[in-house]
1. Could you check how many residues of the range 18-38 are out of contact with any helix residue (DSSP H, G or I) (no Cβ under 8 Å at 6 or more places or on another chain), assigned to a helix (DSSP H, G or I) and in contact (Cβ under 8 Å) with a residue 40 or more places away in the chain?
2. Across the range 46-56, what is the number of residues that are within 21 Å of the chain's Cα centre (by Cα) and touching a residue at least 60 places away in the same chain (Cβ under 8 Å)?
3. Take the residues of the range 190-204 that are part of a strand (DSSP E or B) and in contact with a helix residue (DSSP H, G or I) (Cβ under 8 Å, 6 or more places away or on another chain): which is modelled with the lowest pLDDT?
4. Scan the range 226-244 for residues that are within 17 Å of the chain's Cα centre (by Cα) and farther than 20 Å from residue 135 by Cα and report the count.
5. From 132, 69, 82, grab the single residue that is buried (at least 24 other Cβ atoms within 10 Å of the Cβ) and at pLDDT below 95.
6. Taking the conditions exactly as written (free of Cβ contacts under 8 Å to residues at least 40 places away in the same chain and touching a strand residue (DSSP E or B) at 6+ places or on another chain (Cβ under 7 Å)), does residue 13 satisfy them or not?
7. Among the numbered criteria (1) in contact (Cβ under 8 Å) with a residue 24 or more places away in the chain; (2) touching a helix residue (DSSP H, G or I) at 6+ places or on another chain (Cβ under 8 Å), which one does residue 126 miss?
8. I'm trying to understand the selection: among the residues of the range 214-225, which are touching a strand residue (DSSP E or B) at 6+ places or on another chain (Cβ under 7 Å), touching a residue at least 24 places away in the same chain (Cβ under 8 Å) and within 18 Å of residue 271 (Cβ to Cβ)?
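The values are calculated or read from the model by the stated rules, or taken from the named source; none is laboratory data. On a predicted model such as this, the values are computed, not experimentally measured, just so you know. Neighbour counts are summed over all protein chains in view; Cβ atoms, including those assigned to glycine, are modelled from backbone coordinates with ideal geometry.
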């Protein structure tokens with residue numbers, strides 16, 4: 001069993017920041033047996049990244065997505081009275097904690113941990129965001145703040161931040177032109193009616209499944225640091241670095257669609 005003390009050593013060895021936002025996508029199965037189970041692993045992450053919720057600590061951001069509710073008869077896609085998400089076990093554990101500050105994005109919310117004021121400031125305004133991973137929202141703020149993404153036992157096909165980079169770069173055929181209903185139900189039952197332009201790809205089914213094509217380019221530019229958390233292979237990814245690499249590739253490709261198939265990216269697009 002991996003102890004809490006072991007985890008702290010692994011966090012330090014990987015160099016996980018303690019002064020800025022870190023978004024974590026996690027496979028608890030890959031992490032394996034740790035002291036305190038999933039709750040213990042989450043508590044250790046919060047303690048390390050936030051410096052035990054210190055005002056000068058960072059923020060741990062756990063995706064709590066509910067996009068699977070889109071298109072159902074009930075237009076509510078975010079129900080703050082529920083801990084159900086469509087992205088795994090750790091988000092559910094995060095939402096059950098009283099210290100979680102949840103953003104109000106209708107489909108791509110996150111639970112944020114850290115100094116309460118900093119966490120509230122980070123998620124402010126999400127209920128007014130009109131696209132899935134808007135650069136002006138929580139996912140875009142990872143870039144603005146020099147944040148990081150932790151991929152714990154998962155790959156870049158789970159890296160939601162890359163959607164935000166594509167929005168930032170204006171990649172076509174990523175966001176729908178039309179709005180859909182995506183309402184928010186508050187804990188007291190009040191419903192905020194919202195509309196949203198959601199992820200929508202033309203001719204590229206499951207575009208996120210192609211995001212691992214970027215990994216060799218990220219590595220060539222030093223965007224990724226490898227390590228182990230629990231038993232899980234883990235990538236610590238620099239958000240600004242990944243955005244710069246994706247911008248470079250887009251510039252060199254003259255805006256060509258590069259994710260329509262599973263072929264590797266041409267090295268000329270990111271080397272030299």
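1. Within the range 18-38, the subset out of contact with any helix residue (DSSP H, G or I) (no Cβ under 8 Å at 6 or more places or on another chain) is 19-20, 27, 29-30, 32-33, 37.
Filter once more, keeping what is assigned to a helix (DSSP H, G or I): 29-30, 37.
Those still in the list that are in contact (Cβ under 8 Å) with a residue 40 or more places away in the chain too: 29-30.
Counting residues in the range 18-38 that are out of contact with any helix residue (DSSP H, G or I) (no Cβ under 8 Å at 6 or more places or on another chain), assigned to a helix (DSSP H, G or I) and in contact (Cβ under 8 Å) with a residue 40 or more places away in the chain gives 2.
2. Residues of the range 46-56 that are within 21 Å of the chain's Cα centre (by Cα), as a first pass: 46-51, 53.
Now restrict to residues that are touching a residue at least 60 places away in the same chain (Cβ under 8 Å): 46, 49-50, 53.
Count: 4.
3. Initially, the range 190-204 is screened for residues part of a strand (DSSP E or B), giving 191-192, 195-197, 199.
Checking which are in contact with a helix residue (DSSP H, G or I) (Cβ under 8 Å, 6 or more places away or on another chain) leaves us with 192, 199.
Numbers: 192: 94, 199: 86.
The residue in question is 199.
4. Filtering the range 226-244 down to residues within 17 Å of the chain's Cα centre (by Cα) leaves 234-243.
Now drop any that are not farther than 20 Å from residue 135 by Cα, which leaves 234-236.
Qualifying residue count for the region: 3.
5. Working: 69 fails: buried (at least 24 other Cβ atoms within 10 Å of the Cβ); 82 fails: buried (at least 24 other Cβ atoms within 10 Å of the Cβ).
On inspection, the qualifying residue turns out to be 132.
6. On the way: free of Cβ contacts under 8 Å to residues at least 40 places away in the same chain: no; touching a strand residue (DSSP E or B) at 6+ places or on another chain (Cβ under 7 Å): yes.
Here the answer is no, as residue 13 does not meet what is asked.
7. Failing condition for residue 126: (1).
8. Kept after step one, since they are touching a strand residue (DSSP E or B) at 6+ places or on another chain (Cβ under 7 Å), are these residues of the range 214-225: 218, 223-225.
Filter once more, keeping what is touching a residue at least 24 places away in the same chain (Cβ under 8 Å): 218, 225.
Matches in the range 214-225: 218 only.
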